[in-house]
Amino acid sequence: MKYSVVIVDDHTLLSQAIGAMVDTFDKFKVLYTCKNGKELIEKFSEIPANVPNVVLMDINMPIMNGIETTEWINKNHPTVNVMALSVEDADTTILKMLKAGAIGYLLKDTEKRVLEHALIEVVENGFFHTKNVTNLLLQSISGKSKRNIEFKENEITFMKLACTELTYKEIADRMCLSPKTIDGYRDVLFTKLNVKNRVGLVMYAIKNKIYTP
């Protein structure tokens, strides 16, 4: 049995090329491609068989972009795994996709073997993270080393707020603390979780149900 994949990308030739590549993977087959989120929703509504195991989602698309579409899928078809496949490598874009419900993020220049590995991880483990997004933007998060981590109440509060679009200064104002104290919470959590940036922190919070998109 092969897992089904749908590709959503407004560049037809690129989506066809990605589809042809995915079809060479032993465990996967492409059901169809869509040019935007609206077209995908229409496909989902036609017949149940159109709903795949995995959606490879572009971000910048006309009519309905990848973030909006991922939010809709997460709400209406929560069992469908969405993995972003984009040229966008900005922190804010990645954060928005993770909060929308994406469980993986790859750049379009990813090697074939990495894409195949990512798809396998997504369907078998329900999550994929890579060290190769924007100079290690997404850091590996090991569940084994973090299961017994204890957090202070303010650290939990900070982590939840860090998953929003608030700046660190705005988080400090919300928590009625100084920016220096907030920087201290951030640095302590980075050390505890072995992550190097805010995106890694957000991924941990989402994966461990501390923050729910």
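A compact table of results
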| item | result |
| --- | --- |
| Residue in region 30-48 that is touching a Lys or Arg at 6+ places or on another chain (Cβ under 6 Å) and open to solvent by 20 Å² or more (accessible area, probe 1.4 Å) present | no |
| Every residue from region 170-213 that is part of a helix (DSSP H, G or I), without any contact (Cβ under 8 Å) to a residue 12 or more places away in the chain and not polar (S, T, N, Q) | GLU170, ALA172, ASP173, PRO179, LYS180, GLY184, ASP187, PHE190 |
| Candidates THR69, THR79 - the one that is in a loop (DSSP other than H, G, I, E, B) and either among the charged types (D, E, K, R) or within 20 Å of VAL123 (Cα to Cα) (or both) | THR79 |
| Unique match (being more than 23 Å from ILE206 (Cβ to Cβ), touching a strand residue (DSSP E or B) at 6+ places or on another chain (Cβ under 6 Å), of a type in the set (Val, Ile, Thr) and open to solvent by less than 10 Å² (accessible area, probe 1.4 Å)) among ILE94, ILE7, ILE18 | ILE7 |
| Test for ASP58: is it surrounded by fewer than 16 Cβ atoms within 10 Å (Cβ to Cβ), under 18 Å from LEU119 (Cα atoms) and not β-branched (Val, Ile, Thr) | no |
| Positions within region 150-198 being within 25 Å of THR93 (Cβ to Cβ) and of a type in the set (A, V, I, L, M), in sequence order | MET159, LEU161, ALA162, LEU166, ILE171, ALA172, ILE182, LEU189, LEU193, VAL195 |
| Region 154-182, residues that are of a type in the set (Asp, Glu) and at pLDDT 90 or above | GLU155, GLU170, ASP173 |
| Matching entry among ILE18, ILE67, ILE63 (being of a type in the set (Val, Ile, Thr) and in contact with a Gly (Cβ under 8 Å, 6 or more places away or on another chain)) | ILE63 |
| Subset of region 167-213 [β-branched (Val, Ile, Thr), in contact with a Lys or Arg (Cβ under 9 Å, 6 or more places away or on another chain) and closer than 20 Å to MET83 by Cα] | VAL202, ILE206 |
| Region 157-194, residues that are within 16 Å of the chain's Cα centre (by Cα) and surrounded by fewer than 20 Cβ atoms within 10 Å (Cβ to Cβ) | THR164, GLU165 |
| Members of region 15-38 found to be within 17 Å of ALA84 (Cα to Cα) and over 21 Å from the mean Cα position of the chain (by Cα), listed by number | GLN16, ALA17, MET21, TYR32 |
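Listed here are the residues, each with its yes/no results for (1) basic (Lys, Arg); (2) assigned to a strand (DSSP E or B); (3) modelled with pLDDT under 95.
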{"position": "MET1", "(1), (2), (3)": "no, no, yes"}
{"position": "VAL6", "(1), (2), (3)": "no, yes, no"}
{"position": "LEU14", "(1), (2), (3)": "no, no, yes"}
{"position": "ALA17", "(1), (2), (3)": "no, no, yes"}
{"position": "LYS29", "(1), (2), (3)": "yes, yes, no"}
{"position": "LYS43", "(1), (2), (3)": "yes, no, yes"}
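The values are calculated or read from the model by the stated rules, or taken from the named source; none is laboratory data. Model, not experiment: these values are computed from the prediction. Every residue, glycine as well, gets a Cβ built from its backbone with ideal geometry; the counts of neighbours run over all protein chains shown. To get the accessible areas, we keep the full protein, side chains included, count just its heavy atoms, and leave off ligands, DNA and RNA. Shrake-Rupley method; radii C 1.70, N 1.55, O 1.52, S 1.80 Å.
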